[in-house]
Amino acid sequence: VSQSRYPAYTLSFIGNSFFSRSDIKDMYQKEAFELAKMNYYDEEYLNYFVGFLKSKYIENGFVQAKIIGPNKTFDTTKLNASVEYLIQEGQRAIVRSVVFEGLPSELEEKVLSKITNNTGDAFNPIAMTEDLKLVTSFIQEKGYYFGEITNANEDTLVTYSKTGADVDIRYIIN
């Protein structure tokens, strides 16, 4: 057995409530690199999984989520390891409002059906880039060939409430 791989390790997740432990373990197995799939200790995958799991939390509105770890402990033989991830989910952000300034009101419902971030949904900042593209292409398809979102790269596009629990999205369309 080489120094960087161990044939056996136990995996634990602490602090999670949104995703169950079995949900996270399923994600872990589904994404696993070849060694990890065979239940071998794989330092590269253990570190990769931190970012992967954080992105899953962010997609579900936990924009402040922190994943601490992997914290590794080895027994005296160095043949067994335990790996622990500490999860701090933080406040979940929900979209409170979506406003389209400059868009004809009869088009608002149609464009809302195309985007990910809608009123009442968990805020997914990762999907905002795609939402911006969808809104822009939608208005251009409706004949506004030079239409654009003028605040796409500004702080006025997405604002958080003081608690961080509510998000308002305001598209300014020219």
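The values are calculated or read from the model by the stated rules, or taken from the named source; none is laboratory data. In this text, all values refer to a predicted model and were calculated from it rather than measured experimentally. Virtual Cβ from ideal backbone geometry, glycine too; neighbours counted across all protein chains shown. In case anyone asks, the SASA skips ligands and DNA or RNA and just uses the protein heavy atoms, side chains included. Shrake-Rupley method; radii C 1.70, N 1.55, O 1.52, S 1.80 Å.
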Task: Beta bridges by DSSP in the chain, antiparallel share as percent, to the nearest 5 - done: 45
- [ ] Pick out, from TYR9, LEU79, GLN29, the residue whose Cα sits farthest towards the positive end of the charge dipole of the chain, with +1 on the Cβ of Lys and Arg and -1 on the Cβ of Asp and Glu.
- [x] LEU79
- [ ] Sum up the charges of everything whose Cβ sits under 14 Å from the Cβ of LYS30, counting Lys and Arg as +1 and Asp and Glu as -1, but leave LYS30 out.
- [x] -1
TODO: Obtain the nm distance between the two label points defined at THR76 and PHE52 by a simple spin-label model: each point lies 7 Å from its Cα along the Cα-to-C-beta direction.
DONE: 3.5
TODO: With the full set of protein chains in place, find how many percent of the accessible area of the range 77-174 is carbon and sulfur; take the probe as 1.4 Å.
DONE: 50
TODO: Subtract the Cα-Cα distance of THR163 and THR10 from 0.36 nm times their separation in residues, and report this length gain in nm to one decimal.
DONE: 51.4 nm
- [ ] Quickly work out the GLU141-to-LEU86 label distance, labels modelled 7 Å from Cα along the C-beta direction, and quote it in nm with one decimal.
- [x] 4.8
TODO: Could you provide, to the nearest whole Å², the per residue accessible area of the range 49-166 with probe 1.4 Å?
DONE: 55
Task: Cα-only Debye scattering, the chain: base-10 log of I(q)/I(0) at q = 0.09, 0.11, 0.13, 0.14 Å⁻¹ - done: -0.45, -0.61, -0.74, -0.80
TODO: Taking the Cα centre of the range 104-169 as origin, work out the dipole magnitude from +1 charges on Lys and Arg Cβ and -1 charges on Asp and Glu Cβ, in debye rounded to 20.
DONE: 100
TODO: Sequence neighbours fewer than 8 away in the same chain don't count; with that in mind, list the lysines whose C-alpha is under 30 Å from LYS37.
DONE: LYS25, LYS54, LYS56, LYS66, LYS72, LYS78
